[in-house]
1. Find the residue count for the range 969-990, including only residues that are in a loop (DSSP other than H, G, I, E, B) and out of contact with any strand residue (DSSP E or B) (no Cβ under 8 Å at 6 or more places or on another chain).
2. Wholly within the range 641-711, which helices (runs of 4 or more DSSP H) include no fewer than the required count, namely at least 1 residues that are touching a residue at least 60 places away in the same chain (Cβ under 8 Å) and surrounded by 12 or more Cβ atoms within 10 Å (Cβ to Cβ)?
3. Scanning the range 163-181 for residues that are part of a strand (DSSP E or B) and without any contact (Cβ under 8 Å) to a residue 40 or more places away in the chain, which turns out nearest to residue 192 (Cα to Cα)?
4. In the range 1-60, how many residues are within 15 Å of residue 315 (Cα to Cα) and part of a strand (DSSP E or B)?
5. Testing residue 697 on (1) more than 30 Å from residue 486 (Cβ to Cβ); (2) modelled with pLDDT of 85 or more; (3) in contact with a helix residue (DSSP H, G or I) (Cβ under 9 Å, 6 or more places away or on another chain), one condition comes back false. Which one is that?
6. Kindly indicate whether any position in the range 213-231 is under 55 Å from the mean Cα position of the chain (by Cα), part of a strand (DSSP E or B) and under 20 Å from residue 253 (Cα atoms).
7. Determine which member of the set 129, 139 is farther than 25 Å from residue 232 by Cβ, touching a helix residue (DSSP H, G or I) at 6+ places or on another chain (Cβ under 7 Å) and either modelled with pLDDT of 95 or more or not in a strand (DSSP E or B) (or both).
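The values are calculated or read from the model by the stated rules, or taken from the named source; none is laboratory data. Small disclaimer: the values here were computed from a predicted structure and weren't measured. Here the Cβ positions follow ideal geometry from the backbone for every residue, glycine too, while neighbour counts run over all protein chains shown.
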């Protein structure tokens, strides 16, 4: 059996030295290995020495480069120099017998372990420096272990060594006659000392059982007499193979790692190397009460060998905790085997980069997600919604993702209706474009071809020919990466801006159902803001079709009406009718014609009409024509014809299909025209049968529902078609189903969309408790807590409270903070507070208290004047400021509130309200800080960003400035001037001045303006 082992301390250079014994045990070879070259060419054979007889053991001197000792079965120990291939000496014991073990110390001592002899010691130690040349019998210096067979030994240092016989494990001090300890065991073969812990060593037994020992435990046994103390730290049953020790010339296939503490490797069946990693802890021995180190196996990694029939191996350390193995096969071939690092710990950071760590190394590898930069104009995040209404919902149904725009820059012109309307010639004959946004489920949305979506760019083939996602591409598609990209663009802060963002961002175009949802929310928000969905006693903001249809039961678990009002079904109907009439007058003022009511016979005609309004289907005949023209302009003649059928106008559907430039559609129009002849004919006929066949075979969903309806004149054929959108099916159901059938359809459909987590189903459930159930299913399905948080705050806590919403909100806030998007998190908090404001102006969300305040230098209390308890609700945001000392609401001294305040004692205008200490004066103007309405204006230092808000400069521009823009600029200027009057202190010298004065002074100076003070207050 062969042997290969690494040599330490022979070379000071880059290369490493290795010694090997060939499998026939008759020659030794010296190799040089370049550790940083992983090819087999890095192994260089330097010298080979032959003519040995049955080599049984081998060791080398660390102090003398090239000096190697070889033990033979015939009893000779040969000392050679492998660097120049010279035999230095060949010696034997007085009674020649097999040499089982050999070890060399740095001082020149050589110890050999021999088979048992009755009259001669089996452990003989001699000094190579005093052995005469040509003398065969060894001149021993120390002798131990008479009548024992020494099978393994190893020098610990120059004066002590560990030796093992077939029965005992001993440590011998050359200065003493008796062993330091002697422990009975049969696990005594091939002692190997750990390179990182001189007290730990390994042995194995005849059956291949491996043991790891601690010399300190063995020493303790001499004092206590308790053999249990000296038990191995770890024992591995039959780990190195059964019968391993019966071949005494074999060096066991066990190696300690030279670079990693607590690691060793073993060879199994010549084809697998197992890497064992040990962990340790300090424990108390229950019998002795002593503290001792305990070991355990933490991880095991299997490394398949490059070639089979491997006889032995050793480590090749490469630095930075990387290793290779050098292996010898049974044929004697030596090759190098690279080892791919295996990771023991993985975790995702908040950027969704995959962090991978190994117990072997101290560094962490990162698989980073590479994303193109996304930007947005946060200053222009507000979008004008005052002309949007529910009737505009249909304008966004033909949304086609844009091909050219890779980034959303917040600029560019949009369609006035918020939809991206592609050129008809480009998209007219693309079946994918025609059906892209008409699916009722979130997973059926198709997209234009993108090189990034090509399977060749997304997938890679494994060794077993299985396709796997490329890790970096898989991480890019992860929801956390998408959520962070959305957040950086201002996603959800304004609904219509979010729609435009999705239209213009290539990375977000796969989510058309999210886009349609935000469009409905944008219109619902506009209806709340313009008051067209609110009456004096009833607020139906963000309510869905199901809640309106169910009447009082549908809104009973929400705060939809005044708290002091006890509303009944009749009163609810009156309030709904007021909303309908107000919307009719409001739309008429904008030039819209009122729809013709056809539901006066229905007991719930008011709810039905309001549901049509919410779904965007409360249209007049002139609106129909506009819808048809818009859809046909995009080349979607099938959809336009289906909409005509939805409105009950079959002749118009025939006309639309007949006007198409497609011969197939004109033939279909001819087939549909047969409806006019056969609609009143009872029974079955060939035309109806052919229509049913086409309804099941046609690919286009709109053509399918057309033929399904004209074949049986049954609206349920349309409602059962899942390929058309939910909003379209709702429009048909609200127009043509009876009250009982409509109730059944709404309940069944709502249950389906809630369980499936379909976001477009919010038009049915609304942002209500049922809508939160839908969002919960959506989060469970997609983990998109961002959309859930931003959508749910539209209804909670304004209309109802739900703990799930609070959890989503807090989770999203933590994510924004972890991404360091603090501005977005602040905007989200402001948005949530604003959306929680009821129609009466009451804020229902728990606002965060102010985190900063100015304290008096004398009494250390907040200088803001404390409010009485009965005034706490009258100051809005100012009342939210809380002193960390008093924990009571306080009033900002710069507040413009006209509410009077009468304290218990007389307060001075420019002094602390608690102790009366005067405020410091400004070092520039000498006016007391905290003074409002100063007799002069503090302009501060203006920059380029400030100038763009100046109304005076804008008046000189040639472009027209709207009234709202002028008002915004004036508000900004007013807030900026108030900021210039604010406190400004140097934390070094404690001198203060107005903030505007500080800007002006330090723009020209670097020294404090206070006379006699040399502090550089503005120094960074």
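1. Final tally of qualifying residues: 4.
2. 650-658
3. 164
4. Result for the range 1-60: 14.
5. Condition not satisfied by residue 697: (2).
6. Yes, that holds for at least one residue.
7. Numbers: 129 fails: touching a helix residue (DSSP H, G or I) at 6+ places or on another chain (Cβ under 7 Å).
Only one candidate passes the filter, namely 139.
Quick grid of which residues meet (1) assigned by TED's automatic domain parsing to the domain that holds residue 126; (2) crowded, with 21+ Cβ neighbours inside 10 Å; (3) modelled with pLDDT under 90:
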{"position": "54", "(1), (2), (3)": "yes, no, yes"}
{"position": "57", "(1), (2), (3)": "yes, yes, no"}
{"position": "83", "(1), (2), (3)": "yes, no, no"}
{"position": "93", "(1), (2), (3)": "yes, yes, no"}
